[in-house]
Amino acid sequence: MPVLNSQQLLDLGNKLLVAAGASPEEAATVAEELASANLVGHDSHGVMRLMQYAQLIEQGYIKPGQQPEIVREGPAFLVVDAHFSFGQVASKWTLEQLYDKAKKCGSANAFIRNCNHVGRLGSYTEQAAKQGYAALMSVNAPGPGQVAPFGAMERRMGTNPISMAAPGNKESPIVLDMTTSATAEGKLRVAHQSGKKVPEGWMIDGYGNPSTDPADYYNEPGGCILPLGGPLAHKGYGLSTMIDIFCGILSGSGVGRTDLPRGANGVWMQLLDIEQITGNDEYDRWIGPYEEHIKSAKKCPGVDEILFPGEMEQKTYSERIKSGVTIPDETWRQLNELAAQLKVTI
Ligand SMILES: NC(=O)c1ccc[n+]([C@@H]2O[C@H](COP(=O)([O-])OP(=O)(O)OC[C@H]3O[C@@H](n4cnc5c(N)ncnc54)[C@H](O)[C@@H]3O)[C@@H](O)[C@H]2O)c1
């Protein structure tokens, strides 16, 4: 299996995206988000997405060259129409507008409609936390969905992720970034492409039976991802419902649409300026001892360390920035197939 370093991941993304129709600037933004997802360990949101993005460009769902536009605005909120530009481009652009509003008002919200796949949410909230904000980003999938509502055996909802980040005691922010389903769909795809089973509780087959074979999700009759929470999945389902409303309905992206491809998103972002709300000194006075308090808890047998949300990704980044990222053979085959179609060498 090939191992790619950070620069090779970026080059791969840039070449394939430009060949598929992106401008060099768009390609740079998207390639950077994909490479950073690989580097922090979320391969499901890394370069394996290039095949999907190239197909969505070809089908006209991703529209390179479109500029995001503010369609409604107040002192502390904005609604952006991404016009189906790249989700990463629209999200970064919106975040920049939101910094200005949050600086003026103390807090601000943004909603993005007609947005393509934004990638790893934690990347955006982490950037905001590094600028001194407590940040939230959540995404719904207005399309047909992958996840069954609690008690159902048909897909109706997206994996509807949410990320919250805030400055930590040291350099790295604390970054929660999670689906409200038992897994991200990309993780099923990684397992499927690697010929591996998935843990129990992630999915059911097309007949409503528990399954650990990702093929049962993709083959007819397609299965469903389950909401987060195992026996308490009504909670993951409830959170996902509210994300559909906040991200889908408030943004104008909608819910339950059948005219959108997988990957279309409605987005909600919120920034809270810590300096204005509590003061950075006061925040720092609490966050250090809080980290101590949590991390000093007596560990269960077999546990080496209590981790904060986001710490696993920071550890993986430290390893992968040195060792590189292993690309599964099937993903590499598909990337080469795409490169051949687009007549570029990778
Ligand atoms: N753009 C989209 O439409 C979309 C859709 C779904 C998912 N995603 C992305 O998929 C990625 C994967 O989501 P996921 O739910 O599978 O993530 P995950 O289950 O790997 O991690 C969820 C959270 O748990 C934390 N965590 C992991 N191990 C931990 C430990 N031992 N102790 C303490 N905390 C720990 C992580 O830091 C993270 O904040 C995310 O980056 C998400 O943004 C994006």
Please give the direction-averaged projected area of the C-alpha convex hull for segment 104-224, in square nanometres with one decimal.
9.5
Computed Rg/Rh for segment 116-160 (Cα atoms; Rh = Kirkwood radius) stands at 1.16
For segment 120-127, what does the Karplus curve 6.51 cos²θ - 1.76 cosθ + 1.60, with θ = phi - 60°, yield as ³J(HN,Hα) per residue in whole Hz, taken in order and with x for Gly and Pro?
8, 4, x, 5, 6, 5, 5, 4
Taking the convex hull of the alpha-carbon atoms of segment 163-212 and averaging its shadow over every direction gives an area in square nanometres of 5.0
For segment 225-346, what is the relative contact order in percent, using Cα pairs closer than 8 Å and at least 6 residues apart in sequence?
9
The summed charge of the Pro75 Cβ neighbourhood (under 10 Å; Lys/Arg +1, Asp/Glu -1) stands at +1
Using modelled backbone amide H atoms (1.01 Å from N, in-plane), which distant-in-sequence or interchain residues come within less than 5 Å of Asn116's amide H?
Phe84, Ser85, Gly87, Asn265
Whole Å is fine, so just give me how far the alpha carbon centre of segment 177-217 lies from that of segment 224-288.
22
How large is the helix-only mean residue ellipticity at 222 nm for the chain, computed as the sum of -39500 (n - 2.57) over DSSP H runs with n ≥ 4, divided by its residue count, in deg cm²/dmol to the nearest 500?
-12500 deg cm²/dmol
Does segment 223-344 come out rounded, prolate or oblate, given a ≥ b ≥ c as the square roots of the eigenvalues of its C-alpha gyration tensor, rounded meaning a/c under 1.5 and, failing that, prolate meaning a/b above b/c?
oblate
Taking N as the number of residues in segment 6-129, the ratio of its alpha carbon radius of gyration to 2.2 N^0.38 Å works out to 1.07
For a footprinting-style exposure proxy, rank Trp332, Trp286, Trp202 by other Cβ within 10 Å, fewest first.
Trp286, Trp332, Trp202
Over the chain: Rg over Rh, Cα atoms, Kirkwood Rh:
0.96
Among residues other than Ser251 whose Cβ falls under 13 Å from its Cβ, what is the net charge (Lys/Arg +1, Asp/Glu -1)?
+1
Mind checking which lysines have their Cα closer than 22 Å to the Cα of Lys235? Skip sequence neighbours fewer than 8 apart in that chain.
Lys187
Expected output is a single nm value to one decimal: the length gained when fully extending between Glu25 and Thr316, i.e. 0.36 nm times separation in residues minus the C-alpha distance. What is it?
102.0 nm
In order over segment 46-53: 3J(HN,Hα) from phi, Karplus 6.51/-1.76/1.60, θ = phi - 60°, whole Hz, x for each Gly or Pro, gives x, 5, 5, 6, 4, 4, 4, 5
Length-normalised contact order of the chain, Cα under 8 Å, at least 6 apart, in percent, tallies to 22
Can you pick out the pairs among Lys170/Lys295; Lys104/Lys130; Lys63/Lys92 whose Cα atoms lie more than 21 Å from each other?
none
Alpha-carbon centroids, segment 41-59 and segment 298-346: separation in whole Å:
15
Kirkwood Rh over Cα pairs of segment 196-258 into Stokes-Einstein at 20 °C, 1.002 mPa s: D in µm²/s?
165
At 1.002 mPa s and 20 °C, plugging the Kirkwood radius over alpha-carbon pairs of segment 154-244 into Stokes-Einstein gives what diffusion coefficient in µm²/s?
152
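No value in this document is a laboratory result; all are computed from the given coordinates. Because the structure is predicted, anything quoted here is derived from the model rather than measured. We place every Cβ from the backbone using ideal geometry, glycine too, and count neighbours over all the protein chains shown.
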